[in-house]
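Here's the structure we're looking at; comments come further down.
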Protein chains: 2
Amino acid sequence: MSAMATRTMRKPPEDKYDERRRALAESALRTLGELGYARASLREIAHNSEFSHGVVHYYFRDKLELIVYCVQEYKKTCVTRYDGVVADATTPEGLVDAFAAKLAETIIDEAPMHRLWYDLRAQSMFEEHLREAVTAIDRTLEDMVWRVVTRYAELADAAPALTPNAAYGVLDGVFQQALLGHVGGQDGALSVLDAQVHELMPLMLRR
Amino acid sequence: MSAMATRTMRKPPEDKYDERRRALAESALRTLGELGYARASLREIAHNSEFSHGVVHYYFRDKLELIVYCVQEYKKTCVTRYDGVVADATTPEGLVDAFAAKLAETIIDEAPMHRLWYDLRAQSMFEEHLREAVTAIDRTLEDMVWRVVTRYAELADAAPALTPNAAYGVLDGVFQQALLGHVGGQDGALSVLDAQVHELMPLMLRR
DNA sequence: CCCGGGTCTTGACGGATGTCAAGACTTTTC
DNA sequence: GAAAAGTCTTGACATCCGTCAAGACCCGGG
């Protein structure tokens, strides 16, 4: 009768199951960051993990569910990335310095993850199954940026001159540009980013 | 001996050859805009043209050469897109209105081409063979934006407050966001873009 | 001890893809 | 008008992909 609704036919562990899903998703994220969405096959993903290729369909219905799960997993590593910057800053200039430095740092340390993000966001314009997860992350990132901007305005004793989505669009634009340059081997890309952030942040304050 | 250097073993037409390449590239662009880089197969591309699938390797060495050629072809349709806006504007406000309207218009009319562009740009972070062509287009777009910004500053009798790449990054960011929203069916995306452009352009002037 | 359910591997399937060789059709050339 | 060069189609190849079924392995409870 194929007694298998969709999920949870497990009995005792129930968290071992989720643990495996997370482990698998982590391997998948490594592979995805390396090869991109299009060329990361399930076999390659499994090969970069401690399992064999068949196990994927034991933990995920199909490839897309795996990837959506990965994307949501990735989101968690993003949310708090700049909260330290916001919390520690005491002057507007100091916040801009720390924020710009953190942006450059994350490009250096996590370039594969970031290029995967832009890949997935572009793919979501072709595959609507990705759209929901991508949109959710986009909102999360916008909120994150907005926390930085409002704190900056607060420290400068001014009001933000931009809407949240405009502020996100602006900073995401220059960030993406810097990532592109960095991945392409342009060594000036990161210092340009630093300069651009210092250039842009003051413009976000109403005067 | 397989007498076939790399190109040009043709004798008389030499332009019929290029004409076919262009026709094939046009079909390819249609298909690529529909399916994206990853899922646009040579057979599907040929199917959307008047030829059969084998002909691709008569005019292009492999799939990548086809796509790079397509990308360069696409560039030509971009370069002059906003030149009319620059030429016709007589007041700074008028230029912003026309520019914002043109941005929204091109999202409506050519959404497939634009999402393809962002797809290819993301792919170029994984496939270095795409990088050169993508970088060239990126520079072209930056120049295009810069022409708008300098003309705007000129009309407003002020100096630009941003560097060319910052200005491009900023506008590309909000444009991409609007495209994402438009493709995803958010009907407010375009009016948000219009508002954002009106919000951002004045900030680009030194005061 | 063994039995049963959860876990994982192996191997196979049908289909799609890039590539290319062989030849047919078309145009040019003498 | 026949030969040659250019153009295009057809069909096949090797390979890779996602998926899934069959069974082996592992482990706790009877």
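What follows is calculated from the coordinates using simple rules that are stated; it is not laboratory data. As the structure is a prediction and not an experimental result, all values here were calculated from the model. Methodologically, a virtual Cβ is constructed for each residue, glycine included, from the backbone with ideal geometry; neighbour enumeration extends over all protein chains shown.
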From the phi of every residue in the stretch A:131-144, what ³J(HN,Hα) in whole Hz does the Karplus formula 6.51 cos²θ - 1.76 cosθ + 1.60 yield, where θ is phi - 60° and glycine or proline is x? 4, 4, 5, 5, 4, 4, 5, 4, 5, 4, 5, 4, 4, 4
Taking a point 7 angstrom from the Cα of B:Thr150 along the C-beta vector, which residues in the stretch B:70-105 have backbone N less than 15 Å away? B:83, B:86-87
Mind giving me the nanometre distance, one decimal, between the label points for A:Thr163 and B:Ala87, set 7 Å out from Cα along Cα→Cβ? 3.3 nm
For chain A the mean separation of alpha carbon contacts under 8 Å (6+ apart) over residue count, i.e. relative contact order in percent, is 20 percent
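As a check on your grasp of the helix formula, calculate [θ] at 222 nm for chain B: sum -39500 (n - 2.57) over DSSP H runs of n ≥ 4, divide by the residue count, round to the nearest 500. Walk me through the intermediate numbers first.
Numbers: 10 runs with 145 residues, N = 207.
After summing the helix terms and dividing by residue count, I get -23000 deg cm²/dmol.
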Check which residues have an amide H placed less than 5 Å from B:Leu205's amide H, if you skip close sequence neighbours. B:Ala161
So, with +1 on the Cβ of K and R and -1 on the Cβ of D and E, and no other charges, what is the size of the charge dipole of the protein assembly as shown about its Cα centre, to the nearest 20 debye? 1180 debye
Stokes-Einstein, Kirkwood over Cα pairs, the stretch B:9-58, 37 °C, 0.692 mPa s; D in µm²/s equals 289 µm²/s
Sorted shortest first, the nm distances from the A:Arg22 label point (7 Å along Cα→Cβ) to its counterparts in the other copies are 5.8
Any chance you could list P(r) for the protein assembly as shown, counting all Cα-Cα pairs in 10 angstrom bins from zero, rounded to whole %? 4, 19, 28, 25, 15, 7, 2, 0
